[in-house]
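Structure first, commentary second.
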Number of protein chains: 2
Amino acid sequence: MVKRKTNSPARRNTSATRTHDHVIGIDIGGSNLRVALADTSGQIVGKWTASTKSTSSPQMVVQQIRAGVYQLLQEASLPRTSLLSVAAGAPGVTDRGAGVVFATSYLKGWKNVPLGQLLENALGVPAVVENDVKLAAVGENWLGAARGVPSFVFLAIGTGIAAGIFINGQLVHGADWVAGEVGYLIVPGTPEAPAKPGSPGPLESVIGGEGIRQSWLHSNGERGSKRIQDLTATGIFYHALTGNRRAKTVLERSARILAFAVYNISTVLNPSLFVLGGGVGTNGPLLAATQRTLDPYTQPSRPKLVTSALGPDAQLMGAIRLALDGAKVIVD
Amino acid sequence: MVKRKTNSPARRNTSATRTHDHVIGIDIGGSNLRVALADTSGQIVGKWTASTKSTSSPQMVVQQIRAGVYQLLQEASLPRTSLLSVAAGAPGVTDRGAGVVFATSYLKGWKNVPLGQLLENALGVPAVVENDVKLAAVGENWLGAARGVPSFVFLAIGTGIAAGIFINGQLVHGADWVAGEVGYLIVPGTPEAPAKPGSPGPLESVIGGEGIRQSWLHSNGERGSKRIQDLTATGIFYHALTGNRRAKTVLERSARILAFAVYNISTVLNPSLFVLGGGVGTNGPLLAATQRTLDPYTQPSRPKLVTSALGPDAQLMGAIRLALDGAKVIVD
């Protein structure tokens, strides 16, 4: 699966004895921080998790990461010098070139954070930083539902909505690093007014997890038990399968709006595949209803939808892949 | 501007004396056929035009092209052997890899036409075939409004609507060669039903030239002189500037729909630039109204609009560029 490039300038030690070389992949989420240690074949040899809820300042998160990395190395009986590189995903607009996270509404106080530099200072190895949804696309392209597919769209639908877009084997970043911020799409059924900075985009405001929940509460009025009132988007969609009329209405409306979003992205790019991820995006009833809505839309091409193969590990696997790329390890 | 690659396998004669090397660019339109002869610096040395109205079968068009090419060579006192390669643009879905025009509603009887092979047989040199709007994007990227811009969208609005999309310096073709067929976009104000095969897409059915004219006739009822009734899209938009209320309504509605289309494409790809082309796309009042509508849409990024610098020559220049690429002439 993996071959080492010989004489690579990025390798700190070209001796053939360095079979203990490893990389670190990091997924920084709004609730959890996940760190994975992998060997140069991409096999995960250890995972470490912490909460980011009370400790979300960039400096504290980097200290957490450092503690996690060293713990993982220790548990694997590896010296610190066996670490070649790290890559981290952040839930916001990220300039991969400069290693800077511009903004994220999921972590308090994160604005223009030089995360790449902070990680390199803390760990002493090269660090790559990327938007988390783009990382998930990298993961799905490497080992998941879009394995080896050069042009596809990974569409993550959870609280927010964003896409990681591959064209001809390359991630699309855009002129301002906001390519794929499709939570801002405007289609029939979404608000038409401009989104305010820091607020959810038109599309995610209606079919992101919270938008769906609001739509449900609104349609429900005071009806139903507290358990019914408190359903999440996923719960509401499964509730629709029991025959509940109001839940069915929310499901059908959500599917129709999602279908227009998928159709429009497909019409612009004609990708081979859409990979749906995130808690809402991988919901069975929503996927089935969306596919049903899309079926008659055959012109100019028929979008093909599948669900994520890696699930919540997609970002982490994408991070490991970028760390391997950063270490100039050739992975087939 | 141009340097010849030495020892190129595609060059039939590597002798330094071959200063008379030339290429041909061809633009096959629904009404007109245009052929241009250019030297290896890309300078046009002759143009030839014919009508395709009565002679649109692929074989007849290729015979017309052959006649035009030989006439141009003769007028320039060049031997037939000085022709290195040709490239042609067709107004329909085109598989550049196979040199096949799948379908076009602008030329009767064109279905799965192996245009590349037909041209190579007729002219005895390598031929490249590309969709005309994608060719126009190549032209604008080479010498026009997007010169040297690696990621931009050329948006052609005439009778139909389509885009030529560049990402990281590469044209985007899509899995089925239909990337950029944005006449099919569905946004607030367009029909929401699936387009029928062979019919205009939702977006072009309302803001393509004919859609705008229908909207004008519909809003006008029986009012106005025949001259007013018979206005084209361009005429209607300029009529709006005279204060005509109904023309203003058509203009504002068209601009709002175009703004949503541009905004959505921008939200997916975050290109540096939109270059507007085509008779409707380059209309001053429409561009101004669209820009005004887009102004408050700053999230996730602000789309930047300019008009085509090459106008109707964009396709022809793109064809010349691809012919030069096909002849392995290095153009900076």
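Derivation of every value follows stated rules applied to the coordinates shown; laboratory data play no part. The structure displayed is predicted, hence computed values, not measured ones. Virtual Cβ from ideal backbone geometry, glycine too; neighbours counted across all protein chains shown.
List of remarks:
- Most mobile of B:Ala247, B:Ala88, B:Ala98 in a GNM of chain B (Cα contacts under 10 Å): B:Ala98
- Most mobile listed residue (A:Thr307, A:Thr94, A:Thr249) in chain A, GNM with C-alpha springs under 10 Å: A:Thr249
- When only the Cβ of Lys, Arg, Asp and Glu is charged (+1, +1, -1, -1), the dipole of chain B relative to its Cα centre reaches about 360 debye.
- Footprinting exposure proxy for A:His173, A:His239 (fewest neighbouring C-beta atoms within 10 Å first): A:His239, A:His173
- Amide H partners (placed H, <5 Å) of B:Asn131, local residues excluded: B:Ala90, B:Thr94
- Whether the stretch B:122-172 is rounded, prolate or oblate, judged on the alpha carbon gyration tensor where a/c under 1.5 counts as rounded: oblate
- Shortest-first nm distances, B:Asp295 label point to equivalent points in other copies (7 Å, Cα→Cβ): 4.7
- Across the stretch A:42-49, computed HN-Hα scalar couplings (Karplus, 6.51 cos²θ - 1.76 cosθ + 1.60, θ = phi - 60°) run x, 6, 6, 10, x, 10, 9, 10 Hz from first to last residue, x flagging Gly and Pro.
- For the peptide B:292-305, the mean number of other protein chain Cβ atoms found within 10 angstrom of a residue's Cβ is 4.
- Label distances, nm, A:Lys108 versus same residue in remaining copies, Cβ-directed 7 Å point: 7.3
- The relative contact order of chain B, computed from alpha carbon pairs under 8 Å that lie at least 6 residues apart in sequence, is 22 percent.
- Taking every residue in A:124-137 and counting other chain Cβ atoms within 10 Å of its Cβ, the average works out to 0.
- Relative contact order, percent, the stretch B:145-308 [alpha-carbon distance under 8 Å, six or more residues apart]: 26 percent
- Rule-of-thumb Rg ratio for the stretch A:145-308 [Cα; 2.2 N^0.38 Å; N residues]: 1.04
- Summed residue charge, Cβ within 12 Å of B:Pro194's Cβ, Lys/Arg positive, Asp/Glu negative: 0
- When the pairs A:Lys304/B:Lys134; B:Lys53/B:Lys196; A:Lys47/A:Lys328; A:Lys328/B:Lys328; A:Lys53/A:Lys196; A:Lys196/B:Lys134 are compared against a 27 Å limit on Cα-Cα distance, A:Lys328/B:Lys328; A:Lys196/B:Lys134 fall above it.
- Computed from the alpha carbon atoms alone, the convex hull of the protein assembly as shown holds 180 Å³ per residue.
- Computed Kirkwood radius, in angstrom, where 1/r is averaged over Cα pairs of the stretch B:6-165: 16.4 Å
- DSSP bridge pairs, the protein assembly as shown: antiparallel proportion in percent, nearest 5: 60 percent
- Taking the helices alone, the protein assembly as shown has a mean residue ellipticity at 222 nm of -11500 deg cm²/dmol, built from -39,500 (n - 2.57) per DSSP H run of at least 4 residues and averaged over all its residues.
- Shape call, the stretch B:90-148: gyration tensor on alpha carbons, a/c limit 1.5: oblate
- Comment: the Cα-to-Cβ extended label point of B:Pro312, at 7 Å, lies 6.1 nm from its counterparts in the other copies, nearest first.
- Average beta carbon contacts from partner chains per residue of A:192-200, 10 Å cutoff: 3
- Charge-dipole axis of chain A as Lys and Arg at +1 and Asp and Glu at -1 on Cβ define it, positive-most pick from A:Asn220, A:Gln59, A:Pro271: A:Asn220
- Annotation: the residues A:Val153, B:Val149, sorted from fewest to most other C-beta atoms within 10 Å of their own C-beta, follow the order B:Val149, A:Val153.
- Most tightly packed first, judged by the mean number of other beta-carbon atoms within 10 Å of their residues, the peptides A:269-275, A:111-117 read A:269-275, A:111-117.
- You can think of it this way: the chain between B:Ser54 and B:Gln74 has 4.6 nm of extra reach, that is 0.36 nm per residue less the Cα-Cα gap.
- Inverse mean reciprocal Cα-Cα distance (Kirkwood Rh) of the stretch B:39-119, Å: 13.9 Å
- Degrees separating the helix B:132-143 axis from the principal Cα axis of chain B, which is the longest one: 70 degrees
- Extreme residue, positive dipole direction of chain A, given options A:Ala76, A:Val101, A:Pro126 (C-beta unit charges): A:Ala76
- Fewest-first sequence of A:Ile257, B:Ile212 by Cβ atoms within 10 Å of each Cβ: A:Ile257, B:Ile212
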